[in-house]
Amino acid sequence: MIRGQHLLGMRDVPADTIYGILDTARGFKEISRRTIKKVPSLRGRTVLNVFYEASTRTRVSFELAGKRLSADGVNISASGSSTSTAKGESLLDMAQTLDAMQADAVIIRHGQSGAPHYLADRIGARVINAGDGQHEHPTQALLDLMTIRERFEKLEGLDVALIGDIRHSRVARSNLIAMKTLGMNVRVAGPATLIPNELCDVYGCVRCDTVEQAMEGAHVVMSLRLQRERMVSGLLPSLREYAIEYGINAKMLEKTRNEAILMHPGPVNRGVELAADVVDGPRSVILNQVENGVAVRCAVLYLILGGEQP
Ligand code: CP
């Protein structure tokens with residue numbers, strides 16, 4: 001299905017491949033809930049996790065996925081002083097050095113959009129994008145789709161409200177691409193400064209004037225983290241004003257369908273993007289997203305590296 005390929009973004013991933021990954025992930029979720037969570041599928045394969053940016057969910061879930069598949073994993077925090085990046089080594093030199101050690105897969109998170117694509121053209125290992133700048137975060141979109149599918153089963157035709165900092169969000173971009181591929185209807189809302197003008201022409205979404213409009217009758221509400229580390233100054237008046245205008249609370253969720261779910265890729269700025277009561281409320285599937293992250297990353301590693309049946 002995606003055996004032997006890179007996973008750099010959702011643009012070239014057709015619907016049947018997405019469904020194949022989600023079906024495979026379902027099996028790995030069942031394995032993750034067993035007392036003994038390990039299968040031998042990737043025994044003898046080498047997986048490198050190279051993270052140039054901070055991460056809790058993605059890094060830990062890729063590490064766990066590799067362990068659960070019995071791969072040999074090495075985890076590298078390239079942003080600190082533990083690698084030769086601190087001595088000025090370039091991304092390419094570091095990747096080629098690691099590749100020379102016969103890695104089968106390199107999972108990379110990097111602040112520069114396009115860094116995984118750059119490596120994919122230059123090293124022998126399969127490259128998996130764990131988030132590149134403002135560009136894409138494909139495994140996040142896949143785990144989000146898995147979470148939505150667990151509630152609604154049929155993804156085509158679902159109404160999704162995507163709220164907040166869309167401009168800087170690689171999570172939004174990967175979801176917009178994948179949801180269009182699957183025939184889902186996406187409405188976006190947020191500060192004008194955080195929604196690119198061309199967004200809806202490119203991704204086929206509908207832009208709403210208010211958060212309430214976007215949420216009206218939605219099956220899924222996906223709130224996005226304010227990516228303050230990527231913002232130039234002047235894009236937001238203040239966090240307090242953002243929370244008042246665009247923060248989601250329990251009253252606003254009443255606009256959605258009765259069975260609607262509330263998602264957030266994490267980490268959540270409580271009291272800013274989401275009121276605390278909805279983060280922990282009955283509609284929240286934020287921790288389901290985290291659990292599904294391990295299953296999806298197991299499926300992606302397994303399918304790309306061509307392991308045996310789990
Ligand atoms: N959703 C996500 O990418 O979270 P982390 O930054 O913790 O990996």
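The values are calculated or read from the model by the stated rules, or taken from the named source; none is laboratory data. Note that the structure is predicted; figures quoted are calculated from it, not measured. With ideal geometry, Cβ positions are generated from the backbone for all residues, glycine too; neighbour counts draw on all protein chains shown.
Remarks
- Search result, residues across segment 41-67 that are near the ligand (Cβ under 9 Å from one of its atoms) and closer than 18 Å to residue 91 by Cα: 51, 53, 54
- Among residues of segment 155-171, those that are closer than 15 Å to residue 268 by Cα and within 13 Å of the ligand (Cβ to nearest atom), counted: 2
- Matching residues, segment 166-196, being in contact with a Lys or Arg (Cβ under 7 Å, 6 or more places away or on another chain) and either farther than 19 Å from residue 12 by Cβ or crowded, with 24+ Cβ neighbours inside 10 Å (or both): 168, 188, 194, 195, 196
Residues checked against (1) at pLDDT 95 or above; (2) in contact with an Asp or Glu (Cβ under 7 Å, 6 or more places away or on another chain):
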site: 35; (1), (2): yes, no
site: 49; (1), (2): yes, yes
site: 60; (1), (2): yes, no
site: 75; (1), (2): no, yes
site: 96; (1), (2): no, no
site: 108; (1), (2): yes, no
site: 113; (1), (2): yes, yes
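- Checked against (1) in contact (Cβ under 8 Å) with a residue 12 or more places away in the chain; (2) surrounded by fewer than 19 Cβ atoms within 10 Å (Cβ to Cβ); (3) more than 16 Å from the ligand (Cβ to nearest atom), residue 23 passes all but a single condition, namely (1).
- Residue in segment 272-292 that is of a type in the set (A, V, I, L, M, F, W, C), assigned to a loop (DSSP other than H, G, I, E, B), away from the ligand (no atom under 16 Å from the Cβ) and under 19 Å from residue 186 (Cα atoms) present: no
- Boolean, residue 276 is over 19 Å from residue 169 (Cα atoms) and touching a strand residue (DSSP E or B) at 6+ places or on another chain (Cβ under 8 Å): yes
- Extreme residue, nearest to residue 171 (Cα to Cα), among residues of segment 256-269 that are within 16 Å of the ligand (Cβ to nearest atom) and part of a loop (DSSP other than H, G, I, E, B): 265
- Enumeration of residues in segment 67-78 that are more than 17 Å from residue 99 (Cβ to Cβ), buried (at least 17 other Cβ atoms within 10 Å of the Cβ) and small (Gly, Ala, Ser): 77
- Filtering segment 235-255 for residues that are surrounded by fewer than 22 Cβ atoms within 10 Å (Cβ to Cβ) and within 16 Å of the ligand (Cβ to nearest atom) leaves an empty set.
- Taken over segment 208-226, residues that are surrounded by fewer than 19 Cβ atoms within 10 Å (Cβ to Cβ) and out of contact with any helix residue (DSSP H, G or I) (no Cβ under 9 Å at 6 or more places or on another chain) amount to 4.
- Residue 12 meets the stated requirement of being under 30 Å from residue 154 (Cα atoms) and either of a type in the set (Phe, Trp, Tyr) or away from the ligand (no atom under 16 Å from the Cβ) (or both).
- Close pairs from segment 81-108: first at positive phi, partner among the β-branched types (Val, Ile, Thr), Cβ under 9 Å, at least 6 apart: 102/46
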